[in-house]
1. Give me the number: length gained by fully extending GLU276 to GLU357, i.e. 0.36 nm times residue separation minus the C-alpha to C-alpha distance, one decimal in nm.
2. Please give the helix 490-502 orientation as an angle from the longest Cα principal axis of the chain, in degrees from 0 to 90, rounded to the nearest 10.
3. Could you calculate the FRET efficiency of ARG444 with LEU92 from 1/(1 + (r/R0)^6), where r is the beta carbon distance between them and R0 is 22 Å, rounded to 0.05?
4. Order 429-439, 535-545, 409-419 from most to least packed using the mean count of other Cβ atoms within 10 Å.
5. Compute the Cα gyration tensor for the range 1-128, then decide on rounded, prolate or oblate, letting a ≥ b ≥ c be the square roots of its eigenvalues: rounded whenever a/c is under 1.5, prolate when a/b is larger than b/c in the other cases, and oblate in all that remain.
6. Looking at the chain, how many pairs of lysines come closer than 24 Å at the Cα, when each pair is eight or more places apart or spans two chains?
7. What whole-number value in Å² describes the accessible area per residue of the chain for a 1.4 Å probe?
8. For the chain, take the longest principal axis of its alpha carbons; what is the angle in degrees between that and the long axis of helix 455-475, to the nearest 10 within 0 to 90?
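The values are calculated or read from the model by the stated rules, or taken from the named source; none is laboratory data. In this text, all values refer to a predicted model and were calculated from it rather than measured experimentally. Here the Cβ is made from the backbone with ideal geometry for all residues, glycine too, and neighbour counts use every protein chain on show. Only protein heavy atoms, including side chains, enter the accessible area calculation; ligands, DNA and RNA are left aside. Shrake-Rupley method; radii C 1.70, N 1.55, O 1.52, S 1.80 Å.
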Amino acid sequence: MTAHLPSRVPGWGLALFLAAVALAPWLAPNAYIVHVLAFAGLNVMMAVGLNLLMGYAGQVSLGHAGFYGLGAYVSGVLGARWGLSPWLGMPLAAVATGLLAYAVGTPTLRLKSYYLAMATLGIGIVLHLSFVQLYWWTGGSSGLAGIPPFDIGPIRFGGDTAHYYLIWTFAAAALWVAWNLVNSGVGRVLRALGDSEVAAEAMGVDTAREKRRMFVLSAVYASLAGSLYAHYITVISPEIFSFLFSVLLILMVAIGGIGRYWGPVLGALLLTALPEVLRRYGDYEVPLYGLALMAVMLFLPRGLAGLLDREAPARLPAAAGPVAPPARVAAPAARGERLLEVRGLTREFGGVRALHECWFDVRGGEIKAIIGPNGAGKTTLFNLITGVYAPTAGEVRFRGERLTGRPAHQVARLGLSRTFQNVQLFSSLSVVENVMVGAARLRRDAFAASALGLPGPGREDRAHVDRALGWLALVGIGGAAWAPAGSLPFGQQKLVELARAVAAEPQLLLLDEPAAGLNSTEKVEMMRLIGRLRDLGMAVLLIEHDMRLVMGVSDRVVVLNYGERIAEGTPAEVQASPEVVKVYLGEEVEDVARGH
C-alpha cells in the first residue's frame, strides 16, 4: 500500500536516469564532455545532500563548501603527505567531516532563519581560512599537489572515463540512499518538520535529532565528493572551496526545485553544463548566465523539477475492504487513575504574567474543560504542559513522572498528544500521511534501515497506513485520505488534526478549541467524537469557548481569569458560581440553560 502514498517518488525514474548515466560516455562526442559530466556527478552528490537538509528538513546551510573542502584536504593530505591509499583516506575524511558536522550542528541547528544561515556561513569561512593558514599541511594559498589517484592494486585509474564511472558510482549510491529516505517514514517526518517544527515535536518527533542527522548526512555527501575531486584532479587549492561555491550549491537546489527529489539533480546538471555552453560567447558569458538563471526563477517558480509534476489525483490503493475504526487504544489508563498533576504552574513573559499558580488534576476516563476569557492563559497552560514552554515556577507530572523541563517530543512519547488553536497541518503531505506522522511515538527508530532500503520499515509503514485510515474513518473523513492536507476546507482540516493527535493512542488528549470555526452541525459531531474518544480509553483536557459544547461533554470544568484559577467544579457548579458568571459566562449561562 505504501507504493501508492502520494509523496512517494517512483523508482523507475531513478533506474532510467542511472541507465542514461551509464551510456553517456559512449554517446559523448569527446573526452572533455565526459570530464564535465564527471564534475556534474560531484555536484549532484552535494546538491542531493543539501536538498535533504534544506528542501526536506527546512534548514539552511551556507557552509557546505567547507565540508567539500574538508573531505578533499583530509583525504588529499593523507595521500600526499603520508602515502595513504585513497580508499582509506576517503572514509577517514568522511568520518572526520561527519564528526565535525555533528559537533558544530548540535548548537548551530538550534538557531532559526537567517541566524542559522549566518552560523553555517561562519562554519564555511572558518574551514576555508583553515585550508589557507595550515600551510604546512595544506600548502596554503599555493595549493596541495602530488595527491595520488585512485587505484585497484597495481591498476590506477587513468583518463576521464574511468573517473567518470567511479564518481557516478558514488553519486548513484547517494541518490539511492536519498531515494530510500525520501520514500520512508524518515522522509515523511522530514517534510513534517519543514512544514511545522512545533507540530512535529508535539507528535513525538525529536526534531533536533532529525535536523542533526540530515546535517551530518549532507556534510558526509559533500566530504565524499571532495575526496573524489581531490584524487581525480590530484591538485587542490583553497579558492575552490570558498563561500561562492556554497552559494552555487544553494542555487543548484533552488533552481532545480527545492524539496523535490529530482530538483537538485536537474539543478546540478544545468549549472555544471551552462558555463561550458556559454563559454563560446566570451565577454557575454556572465550576463547570459545571469539571464538564464533569472529566467528559470521567474518562469519556473517550482524549479525545473516542477515541470515533472503532474496534476493528476493520487491513485487509491487496492483496498481489501472497508477499514474499521480502532476499538480501543493500546494502553488506556484506568478510570479514576490520576494522570496529570498541575501544581502551582506559573509563566511570565518579561513583565507580563500569563499564568499564576495554576493547579488541578486530570484523571483517567475524565473529560475536563479549561474555560476563560481571551488572554486568560489557556493556550499558555497547554504549552507548559506539553513542553513548548518552560514554567517560571511550579511543576507538571504525568502518571507520577515529572514533565517540567522535558522537551515536547519526550512529553508526547510519555502518552500526551494535542491539537492546536490555529490548525498546524503538514501541508506538503497528504491527509493519511499527516495522520501517520501522528503515530511517530509508536514507531521504532529505523533511520539506518530506511537509508539502506531494508524491508522492516516498509512493513511497519504498511501497518501504519491501515491504522491511519482507521482513525480517519473514526473522525468521518476517510474519503479524503489521499488528498493534500492543505486543500481541505477548514472544518475537515480540524478533523485531520484531531485524527493525527489520536493516532499516537495517547492516554491524555489535549484539544485546543476544537470547535472554533465549525458550524453548528460540525460542533454536534465534535461533541460526539470527544465522547467516543473517551470511550476508546483517552482522558481529554479541553480548551473551548463554546459553552454548549463544554457543558454538554465535560465532567469537570476549570475556569481561568488573568492567568489565575478562579473556580473548578462540575458544569452545574461552575454555571452557578457568581464570580464565573461575572467575569466570563454572563448571559451564556441562561442561553445554555434554555437550550439556545
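1. 22.3 nm
2. Tilt of helix 490-502: around 90 degrees.
3. Efficiency for this residue pair is about 0.10.
4. Highest-to-lowest ranking by the protection proxy: 429-439, 409-419, 535-545.
5. Since a/c reaches 1.5 but b/c is at least a/b, the shape of the range 1-128 is classed as oblate.
6. 9
7. Accessible area per residue: 42 Å².
8. Value to nearest ten degrees: 30.
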